[in-house]
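A short worksheet on the structure shown next.
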Amino acid sequence: MKKQQLTAAILSALAAGTLSFAGTASAAASDEVAEDLGETVVTAERIPTENMSTPADVAVVTAEDIASNHYADVAEALNHVDGVVMTNGASGNDQVVRINGEERVVVLVDGERLNDDQGSMSRASATLTRIPSVKDIERIEVVKGAGSALYGSDAVGGVVNIITKKAKENRTEVDLNTGSWKSHNYELYNQGSDGGLSWTIAAGLQKRGDFYYKDQQGDTTRMDGSECSNNGVSLNLRQELADDQSVGLRFAHRTIDGGSPAYDTYGSYGPAGAFYSKNQQQIMNDVSVTYRFKEDTKLPGYLRYFNHYKATDFSGKFNTRMQGIDYQDGWRLDKRQMDARAGAAHGSSQRVRHALVAESRHQLPPGSRYEGLCIVGTRVQGADGR
């Protein structure tokens, strides 16, 4: 009897401790969530919206997250987001993002589309290798799930928007590091402002030596041609014209020269059963000029000219140039809000693509939301999400 009473007392103490711990963890989790309630995102609906009021599934990686976790590039940062998987090709120089298993993802820098007809080594039409240095990134917004209504057919898996920093102080950083496989990384970053003019400049050189592997005889063998280099420079200039107006210039250049390792089963390129490497070279030049108006309002607008060039030499030469104009504006009429977006892009394949989307939002009683999209129909969403 005493033994049963002792057992019951021990079980009661353990249960009480478990409940106490669960309550503490729940309270801590609630505090953490409460800190994110006011976070504003711009990618889910193309206008500033509080994250908690956005129906889309949005994840945000901040500059603080990048610094505290020492992420080397955007691919490494995205690889830690739930539902996002990175794949690498050409010695890691062809970085493709998958969201929920889908490669067709739109990649943006400050809302500027980087997808092109040449794409990458897979179905994806964008590679993260042309993204600027992580030192120049303020935050990364990841919208999981189809976003074709707002961003086109390439957004089947979702959207990744890299938002760059605005210079707040005069500062220069130099980063030197080295690692295995004779890897070396040299990076220079500068930001500053003078009156209404601000700028950020980033330049980097990345080198890595050949891979080594064990052959069928167990001998360590060097994989000739597997070394790679990834060099780039980016520039962001911003001139304030008024309190809510500015004009900006973005330029990014990157050259990639690296091998693409493969296993030669039949001896097509050398001894059968050995690894070989085919060289891949890429040159990317992106330039854009953006006039922004109604900044820091609920309905900001912009007018942008962009010119993107990409040349690839890998079992043949492929050149792609995409240039065009993007425009977005919004108006508020009483309780009705209307956004309009228009754009045109012209590619080297002599194809012209035009898009015009008009979106209206009506404020209904609390707990309900009405949306009308002229190209996808209409739906009413209640407080229960139905």
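Odds and ends about this structure:
- Flag if A149 is in the same structural domain as G258 (by TED's automatic domain parsing), at pLDDT below 85 and not in a strand (DSSP E or B): yes
- Of the residues making up the range 196-218, those that are part of a strand (DSSP E or B) and of a type in the set (S, T, N, Q) are S198, T200, Q206.
- Residues located in the range 135-146, provided they are at pLDDT 85 or above and either of a type in the set (G, A, S) or over 12 Å from the mean Cα position of the chain (by Cα) (or both): K135, D136, G145
- Members of the range 165-197 found to be among the charged types (D, E, K, R) and closer than 22 Å to N231 by Cβ, listed by number: K165, E173, D175, K182, E187
The values are calculated or read from the model by the stated rules, or taken from the named source; none is laboratory data. Since the model is a prediction, treat every value here as computed from it, not as a measurement. Every residue, glycine as well, gets a Cβ built from its backbone with ideal geometry; the counts of neighbours run over all protein chains shown.
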